[in-house]
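Enquirer: One structure, as structure tokens, below. Some questions next.
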Amino acid sequence: MPEVYPPTTSGQSAPQPGVSMLKVKVKILRFNPETDKKAHWETYEVEAQPGDRMLDVIHQVKWFIDPSLALRRSCMHGICGSDAMLIQGRNRLACKTLVRDVVKKSGDTVTVEPIRGLKVEKDLVVDMEPFFDSYKAIMPYFINESPAPATERIQSEEQAERMAHSSNCILCACCTTSCPIFWVNGSYIGPASIVQAHRFIFDSRDQATHQRLNIMNQNTGVWRCRTAYNCTEACPRDIPITQLIEEVKRAVMYQQA
Ligand code: SF4
Ligand code: F3S
Ligand code: FES
């Protein structure tokens, strides 16, 4: 049985043999709409091991230094997509970012900010409604009017492969909120919604391809993308987003030809 190292009452992981603790200065962009006119930085000093997650570090701040810190998180394992934030200037999931990814030596400072382009509700919590409105606009559900078969609707391996990347999306918003086009024009449907549209457009069993391609062809749709690649670099699921966007663009053009 592997040895387990539970959190201590300070919130720090119990030290593992031979692993030295690092002092980490966590600089968090704070905003309380009830008391602040604008956001300001607060720095907290904690100790962590290189293999700890940044979410553990932020929990140390919330649980043992300042309980008023607001953040979202749920699964703690890179599945729910709720803890997207800007860590050391890059969109990441706090639960998938290790201290050693962003701290090189004891005493280093790590910046933590809310994701950009969405209204900040409090501290690291943003209003996700516009993001999910764009998601709903692409009709993110299976549409097939033909009678259901006695067993499942069969796909070949090649057909399943077409939607393998896009079906990995966990709707964390790291991509859309790192896109410079989205920052300047929030009506752009954004890379996350295009990835979701791709998942159904290239699903051989779905029958609403034409409708979804028309949505992608609107002036808020896929043509807004200027191939900036920020989205691909930000995706915690390693989805080749820019490539998928290009595939959707080609599908729109092919439909129009
Ligand atoms: Fe997150 Fe990647 Fe999905 Fe964008 S495509 S929402 S970055 S998982
Ligand atoms: Fe934006 Fe990604 Fe396109 S960052 S411009 S959606 S390639
Ligand atoms: Fe669920 Fe990080 S807490 S993805």
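Enquirer: Being surrounded by 18 or more Cβ atoms within 10 Å (Cβ to Cβ) and within 23 Å of Leu213 (Cβ to Cβ) is the filter; apply it to the range 163-180 and report the residue that is farthest from ligand 2 (Cβ to nearest atom).
Expert: Selected residue: Met163.
Enquirer: Please go through the range 95-121 and give me each residue that is on the phi > 0 side of the Ramachandran plot and in contact with a Lys or Arg (Cβ under 9 Å, 6 or more places away or on another chain), ordered by number.
Expert: Once the filter is applied, which keeps residues that are on the phi > 0 side of the Ramachandran plot and in contact with a Lys or Arg (Cβ under 9 Å, 6 or more places away or on another chain), the range 95-121 yields only Gly107.
Enquirer: If you scan the range 81-104, which residues turn out to be more than 19 Å from Arg116 (Cβ to Cβ), modelled with pLDDT of 95 or more and not in a helix (DSSP H, G or I)?
Expert: Correct list: Leu98, Val103.
Enquirer: Can you say whether His210 is away from ligand 1 (no atom under 16 Å from the Cβ) and either farther than 20 Å from Glu145 by Cα or modelled with pLDDT of 95 or more (or both), as far as the supplied structure shows?
Expert: yes
Enquirer: Within the range 94-122, how many residues turn out to be closer than 18 Å to Ala48 by Cα, among the aliphatic types (A, V, I, L, M) and within 16 Å of ligand 1 (Cβ to nearest atom)?
Expert: Of the residues in the range 94-122, 1 are closer than 18 Å to Ala48 by Cα, among the aliphatic types (A, V, I, L, M) and within 16 Å of ligand 1 (Cβ to nearest atom).
Enquirer: As an exercise: evaluate Thr151 against (1) out of contact with any helix residue (DSSP H, G or I) (no Cβ under 9 Å at 6 or more places or on another chain); (2) outside any loop (DSSP other than H, G, I, E, B) and give the number of the one condition it does not meet.
Expert: With respect to (1) out of contact with any helix residue (DSSP H, G or I) (no Cβ under 9 Å at 6 or more places or on another chain); (2) outside any loop (DSSP other than H, G, I, E, B), Thr151 is out only on (2).
Enquirer: For Asp108, indicate whether it is touching a residue at least 24 places away in the same chain (Cβ under 8 Å), more than 30 Å from Ser134 (Cα to Cα), within 16 Å of ligand 3 (Cβ to nearest atom) and more than 14 Å from the chain's Cα centre (by Cα).
Expert: Criteria not met by Asp108.
Enquirer: While we're on this one: Restricting to the range 217-257, what's the tally of residues that are modelled with pLDDT under 95 and of a type in the set (Asp, Glu)?
Expert: 0
Enquirer: So, one more: Sort out for me the helices (runs of 4 or more DSSP H) sitting completely within the range 181-254 that have 2 or more residues that are without any contact (Cβ under 8 Å) to a residue 60 or more places away in the chain and within 22 Å of Ala84 (Cα to Cα).
Expert: 191-201, 230-234
Enquirer: Would you check if there is a residue in the range 156-165 being closer than 20 Å to Thr43 by Cβ, within 16 Å of ligand 1 (Cβ to nearest atom) and touching a residue at least 24 places away in the same chain (Cβ under 8 Å)?
Expert: Within the range 156-165, none of the residues are closer than 20 Å to Thr43 by Cβ, within 16 Å of ligand 1 (Cβ to nearest atom) and touching a residue at least 24 places away in the same chain (Cβ under 8 Å).
Enquirer: Is one or more of the residues making up the range 127-139 exposed (fewer than 14 other Cβ atoms within 10 Å of the Cβ) and not charged (D, E, K, R)?
Expert: Within the range 127-139, none of the residues are exposed (fewer than 14 other Cβ atoms within 10 Å of the Cβ) and not charged (D, E, K, R).
Enquirer: Going through the range 213-249 one residue at a time, which ones are of a type in the set (Gly, Ala, Ser), crowded, with 18+ Cβ neighbours inside 10 Å and more than 10 Å from ligand 1 (Cβ to nearest atom)?
Expert: Scanning the range 213-249 gives a single hit, Gly221.
Enquirer: Restrict the check to the range 174-186 and report whether at least one residue is over 30 Å from Glu34 (Cβ atoms), at pLDDT 95 or above and either polar (S, T, N, Q) or in contact with a Ser or Thr (Cβ under 7 Å, 6 or more places away or on another chain) (or both).
Expert: no
Enquirer: Then there is this: If I filter the range 58-80 down to residues being more than 15 Å from Asp123 (Cβ to Cβ) and not in a loop (DSSP other than H, G, I, E, B), which single residue comes out as nearest to ligand 3 (Cβ to nearest atom)?
Expert: Per the criteria, the residue is Gln60.
Enquirer: Could you please tell me which pairs satisfy a Cβ distance under 6 Å, a separation of 6+ or placement on different chains, a first residue in the range 84-98 that is over 10 Å from Thr177 (Cα atoms), and a second residue that is within 16 Å of ligand 2 (Cβ to nearest atom) and not in a strand (DSSP E or B)?
Expert: So the pair list comes out as Leu93/Pro236; Lys96/Pro236.
The values are calculated or read from the model by the stated rules, or taken from the named source; none is laboratory data. Nothing here was measured: the structure is a model prediction, and the numbers come from that model. FYI the Cβ positions are ideal-geometry reconstructions off the backbone, even for glycines, and counts take in every protein chain you see.
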